[in-house]
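Note sheet for the following structure.
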There are 2 protein chains.
Amino acid sequence: MADSSNPSAASTPESFPVTFADVEAAAARLEGVAHRTPVMTSRTADARAEGRLFFKCENLQRGGAFKFRGAYNAVAALSEGQRRQGVIAYSSGNHAQAVALAGRLQGVATTIVMPKDAPGAKVSATREYGGEIIFYDRYTENREEICAALAAERGATVIPPYDHPQVIAGQGTAARELFGAAGELDVLLVSLGGGGLLAGSALAAQALSPRCRVIGVEPEAGNDGQQSFRAGHVIRIPVPRSIADGALTTHLGENNFSIIQALVHEVVTVTDGMLVETMRFFAERMKIVVEPTGCLGAAAAFSKQHHRPGERVGILISGGNVDPTTYADLLRRATGAQV
Amino acid sequence: MADSSNPSAASTPESFPVTFADVEAAAARLEGVAHRTPVMTSRTADARAEGRLFFKCENLQRGGAFKFRGAYNAVAALSEGQRRQGVIAYSSGNHAQAVALAGRLQGVATTIVMPKDAPGAKVSATREYGGEIIFYDRYTENREEICAALAAERGATVIPPYDHPQVIAGQGTAARELFGAAGELDVLLVSLGGGGLLAGSALAAQALSPRCRVIGVEPEAGNDGQQSFRAGHVIRIPVPRSIADGALTTHLGENNFSIIQALVHEVVTVTDGMLVETMRFFAERMKIVVEPTGCLGAAAAFSKQHHRPGERVGILISGGNVDPTTYADLLRRATGAQV
C-alpha cells in the first residue's frame, strides 16, 4: 500500500469542466445503444489478488472498448448543423473505431486520422464501420495539427479521444454501471492513457462510492500521468514504447487532469511483462480476450500493492481490440507465472 | 439446407432413459452453484451467418465448460454411502475437471483417469480442484477397463463422461437456460462428442421449443455420430485425430443414442480449418476464448448450410479450456477467411 493519499481530493465538483450530472445525461443517451457489459468475477482471480475483484468487461462493449461510450455521447451532443458537416477523430485505434461506429449509428460522416502502425484489426474494423481513414506517422507527425487542418478545410468538428467534456462524461458511464452492479468498492483500478476513462470513473466514484480509492494504472514506460499527478501539472513525455498501445499518450488532457488531480487517489505503473501474464490469465482462466491496455488494472490488482487483503476491488477492463497474430505472440511470450 | 429430416422424431419421451423432468430436477440442483452463463449476440456474427445467432457461453461456466452441469448433477444424485466411497471419472479433460470440482464442492473424493496427451491446462486445473489423476495412453489402453478395475478395488462409483442419465440431465440445463433467455429458436447447433450435451439439449428443445431443429456438429475426422445416426445404431470408429479434443470419442453412448435418434434432426460435420477460423472469429470479434470443440456449432452456422437466411439459430459453445500455447498456435494458423 502506498501512503501517497491525495491532499486536494476535497475539491468541489462545481469547478470541473464536467460533473456527475453529465455522466448521468450520457448514461441516458447510451441506454439501449451501448451494451451494459457484464461484471465478471473469478474465484481464481480473487485468490491470486487476495481480494474480491469485480471486472467490468468493456472488452465486450460495442466496438470492443469503452471508447464507444464517449464517442457516441460526443456525437449525440452535436448540433444539427455540426452533424451535417461531419466529424473528425484521431486515435491509436479504439477511439477511431468508436467514432466511426457512433457516426454510422447517428448518420454522421466520419474521418479518422490513425497512426500507420495501428493494429490491423483496429484499422479494418474502423473501415468496416464506414470511417474514412487518413494515416500519419506517430513518431514524426502531429496528429492534432493534421486534424485541425482537415477540420478547417471541411468545416467538420473534431472529437478528441479524451480531452473533451462529453467524451469524459460518456466514459464515466462504465464505472457508473460497475457501482450499480457491484455496489460500493474499496478500490477502483483504471487504465490510464489520456485520462478519459480515469476522469469519468473518478466522477462516478465520487457520486456513487465516495470512499473508494480511484487509482490510475499506466505502463511503466509511459508514466506521464504519474509524473503529472505528482508534479501537480501536465507533464509531456516522448512517445512511449509499450505493448499497451492504447496508453501510448504523451500527456494527459487538461480537462482530464483537473478532475484526476482532484479526485484520484494515486497513479501507479505496471511492466509490460505483468501485462503479458495478466493477458494470459484472462485467456486461460476467464476465457476472455483482453488487449494489453485492458490488462493494466488487473495487473495492478495481481501485484497486491494497491489494496489490502480482502478488499473489494473494481477493475475496468478497457478493451479487447488486439490483432489475433499479435495476441498469439503475446500469449506465447507469457510463462504462466504469478505476476 | 439438408433434407434429411428424421422420421422417428415423433417417439414419445416416456421410453427414454432420461426425460425433461430430470433436466428440470438438475436445474434445481444447479441453481446458485453453476453459473447462469450469458447468451451473447453479435451483429458481425449475424451478418456472417445470415441469421440471428444466440451464443450460449458455456466457456464461461465454472470449470470452463458445460461439463460441470452434468458432473455436479451426477454427484448430487449419489446416495450417502456412495458419496463416502468416492467417485472415479475418465475423460479427455473437461469432464475430469468438472467431476473434480463437483467432488470438491460436495465433499466427495475424486479419482480422474486422463489421457497422457490431455492439454496441460486441463491437467493442472483438475489437480488444482483436488482430483487424484491417473494417466493412460488413449491410443493403446482402454479407459473404461482402467476405471472399472479402480472402482472394484476402491468401491467407488464411476461417473462416465456422457453415457449416464444424470449426466445427460445436467447437460440439458444449458439449452434450457438458452431457450429461457432467447425464446424459441429455429435451429440449435450443438457440439457432439459422446452425446451428453446433444441428448440433454434435445430434451430441452422438445419441451421448450418443439419446432426447433436440433443438429449435432462433429469434427469431420470423427464423424462416428453422423454414421451412427444414419445407420440407426451405434457405430464405433478408431480414435479420431482432430483439434477438437473434446470430441475425440469413438462412439456415442447408448443412453445418448436413443435420445439423439429420436429427437435430433441431423448430424453434420465441419473441418478443423473451419474450427480454427471460427476460433479466431471468437477472439477477434467477440473477445472470448473458445476451445476447438466449442467452435463446432458456430462453424456450422458460418457454413450457412444448416439454416435458412434470417432464422434464429442457437449455438452451444461447449467450453473454453485450451492451453494458451496451443491456442496461440491455432490463432496464428487462422487466416481470417470467412469459413
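The values are calculated or read from the model by the stated rules, or taken from the named source; none is laboratory data. Predicted model only: the values in this text are computed from it and were never measured. Cβ coordinates were reconstructed from backbone atoms using ideal geometry, including for glycine residues, and neighbour counts include every protein chain displayed.
At-a-glance table
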| quantity | calculated |
| --- | --- |
| Filter result for the condition that a residue is in contact with a helix residue (DSSP H, G or I) (Cβ under 7 Å, 6 or more places away or on another chain) and not small (G, A, S), over A:V158, A:V123 | A:V158 |
| The range B:97-124, residues that are within 20 Å of the chain's Cα centre (by Cα) and within 18 Å of B:N59 (Cα to Cα) | B:Q97, B:A98, B:V99, B:A100, B:L101, B:A102, B:A118, B:P119, B:G120, B:A121, B:K122, B:V123 |
| Test: residue in the range B:321-336 that is farther than 27 Å from A:E58 by Cα and within 14 Å of chain A (Cβ to nearest Cβ) | yes |
| Filter result for A:A204 (among the aliphatic types (A, V, I, L, M), more than 14 Å from the chain's Cα centre (by Cα) and under 26 Å from A:A21 (Cβ atoms)) | yes |
| Whichever residue in the range B:263-299 is more than 21 Å from B:R176 (Cβ to Cβ) and among the small types (G, A, S) and, among such residues, is nearest to the other protein chains (Cβ to nearest Cβ) | B:A283 |
| Residue identified as within 24 Å of B:Q305 (Cα to Cα) and aromatic (F, W, Y) among B:F179, B:F135 | B:F179 |
| Hits in the range A:318-338 (condition: surrounded by 24 or more Cβ atoms within 10 Å (Cβ to Cβ) and part of a loop (DSSP other than H, G, I, E, B)) | A:S318, A:G320, A:N321, A:V322 |
| In the range A:227-283, the residues that are among the small types (G, A, S) and touching a residue at least 60 places away in the same chain (Cβ under 8 Å) | A:G246, A:G253, A:S258, A:A262, A:G273 |
| The range A:140-166: number of residues that are β-branched (V, I, T), part of a helix (DSSP H, G or I) and either buried (at least 24 other Cβ atoms within 10 Å of the Cβ) or in contact with a Gly (Cβ under 9 Å, 6 or more places away or on another chain) (or both) | 0 |
| Matching residues in the range A:299-317 - criterion: being surrounded by fewer than 24 Cβ atoms within 10 Å (Cβ to Cβ) and of a type in the set (A, V, I, L, M, F, W, C) | A:F302 |
| Hey, B:G297 closer than 21 Å to B:F66 by Cβ and not hydroxyl-bearing (S, T, Y) or not | yes |
| Hey, B:A205 under 18 Å from B:V313 (Cβ atoms), surrounded by fewer than 22 Cβ atoms within 10 Å (Cβ to Cβ) and touching a Phe, Trp or Tyr at 6+ places or on another chain (Cβ under 9 Å) or not | no |
| Single unsatisfied condition, A:L53 versus (1) touching a Ser or Thr at 6+ places or on another chain (Cβ under 9 Å); (2) farther than 30 Å from A:A231 by Cα; (3) at pLDDT below 95; (4) of a type outside the set (D, E, K, R) | (3) |
| Extreme residue, nearest to B:S191 (Cα to Cα), among residues of the range B:284-305 that are touching a Lys or Arg at 6+ places or on another chain (Cβ under 8 Å) and assigned to a loop (DSSP other than H, G, I, E, B) | B:V290 |
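Residues are listed down the side, and each one gets a yes or a no for (1) of a type in the set (G, A, S); (2) assigned to a helix (DSSP H, G or I); (3) at pLDDT below 95:
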{"site": "B:I168", "(1), (2), (3)": "no, yes, no"}
{"site": "B:Q171", "(1), (2), (3)": "no, yes, no"}
{"site": "B:L185", "(1), (2), (3)": "no, no, no"}
{"site": "B:L188", "(1), (2), (3)": "no, no, no"}
{"site": "B:G200", "(1), (2), (3)": "yes, yes, no"}
